[in-house]
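Beneath this line is the structure, given in structure tokens, with notes to follow.
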Amino acid sequence: MATPTSSTVPNVARSYDALRPKILQRLVETRASLDASLARLDEQAARGQLDAVLERIGNFIATGDLGLHRAFLHTFLAMRAAEAQHSGAVLAMLVAIGDTAADVAQEQATPDSAELTIMLTRVTASTARAVNDLIAEELERRSELLGELRTKEQKALDPA
């Protein structure tokens with residue numbers, strides 16, 4: 001992810017932190033449109049899950065550390081898979097969270113709102129790319145495992 005110059009990152013990160021409660025409130029209000037599983041949760045539980053994602057977005061804005069962000073996304077995908085959420089649905093939810101954050105930032109009339117909106121758009125794009133990469137890597141891993149199992153099965157059926 002291309003980050004702004006180091007002198008502007010703290011300003012954007014501070015602006016994001018200040019705006020985070022508004023973003024969280026908007027997400028809680030619209031959670032049914034973000035993900036069906038969030039709609040089934042009570043408000044406090046949904047707020048907790050959404051706030052965790054927003055916290056990681058803030059960390060990514062502040063640090064630009066794609067490796068750390070990717071590790072969070074990997075864990076988040078695994079947690080959601082344990083809740084029977086398809087990876088495509090998780091990707092859509094994460095993009096919707098990022099889009100909502102950018103919308104809220106754009107609505108603000110602050111000196112940093114344009115820069116924050118751009119940063120949130122970049123973070124969302126980086127998140128989508130990282131999740132797509134993680135999904136592709138998992139598919140490749142499963143394909144290799146399937147190939148190995150088929151080879152073993154073939155050898156067991158044809159011991160010659």
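The values are calculated or read from the model by the stated rules, or taken from the named source; none is laboratory data. Computed from a predicted structure; not experimentally measured. Cβ: placed from backbone, ideal geometry, glycine included. Neighbour counts: every protein chain shown.
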Query raised in the report: Across the range 111-160, which residue is surrounded by the fewest Cβ atoms within 10 Å (Cβ to Cβ) among those that are not acidic (Asp, Glu) and not in a helix (DSSP H, G or I)?
Result: 160
Report task. Would you tally the residues in the range 100-156 being in contact with a Leu (Cβ under 7 Å, 6 or more places away or on another chain) and among the hydroxyl-bearing types (Ser, Thr, Tyr)? Result -> 3
Report task. Would you check if residue 100 is crowded, with 19+ Cβ neighbours inside 10 Å, in contact with a Gly (Cβ under 6 Å, 6 or more places away or on another chain) and under 22 Å from residue 15 (Cα atoms)? Result -> no
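One line per residue, one yes/no per condition, for (1) polar (S, T, N, Q); (2) at pLDDT 95 or above:
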position: 38; (1), (2): no, no
position: 49; (1), (2): yes, no
position: 54; (1), (2): no, yes
position: 70; (1), (2): no, yes
position: 89; (1), (2): no, no
position: 129; (1), (2): no, yes
position: 134; (1), (2): no, no
Report task. Might you let me know whether the range 72-79 holds any residue that is surrounded by 16 or more Cβ atoms within 10 Å (Cβ to Cβ), over 21 Å from residue 11 (Cβ atoms) and aromatic (Phe, Trp, Tyr)? Result -> yes
Query raised in the report: Regarding residue 15, is this residue surrounded by 14 or more Cβ atoms within 10 Å (Cβ to Cβ), within 24 Å of residue 106 (Cβ to Cβ), at pLDDT 90 or above and polar (S, T, N, Q)?
Result: yes
Query raised in the report: Which of the residues that make up the range 67-110 are in a loop (DSSP other than H, G, I, E, B) and within 17 Å of residue 121 (Cβ to Cβ)?
Result: 108, 110
Query raised in the report: Which one of these does residue 54 not meet: (1) more than 20 Å from residue 37 (Cα to Cα); (2) part of a helix (DSSP H, G or I)?
Result: (1)
Report summary line: When (1) without any contact (Cβ under 8 Å) to a residue 12 or more places away in the chain; (2) of a type in the set (Val, Ile, Thr); (3) over 25 Å from residue 12 (Cβ atoms) are applied to residue 90, the one that fails is (1)
Requested in this report: Go through (1) more than 16 Å from the chain's Cα centre (by Cα); (2) surrounded by 13 or more Cβ atoms within 10 Å (Cβ to Cβ); (3) over 23 Å from residue 114 (Cα atoms) and name the single condition residue 31 misses.
Outcome: (1)
Requested in this report: Please list, ordered by first then second residue, the pairs with beta carbon atoms under 6 Å, 6 or more apart or interchain, first in the range 17-41 and part of a helix (DSSP H, G or I), second of a type in the set (Ser, Thr, Tyr) and at pLDDT 95 or above.
Outcome: 26/100; 27/100
**Report entry** Condition broken by residue 108, with the remaining ones in (1) under 25 Å from residue 29 (Cβ atoms); (2) surrounded by fewer than 16 Cβ atoms within 10 Å (Cβ to Cβ); (3) touching a Lys or Arg at 6+ places or on another chain (Cβ under 9 Å) satisfied
**Finding:** (2)
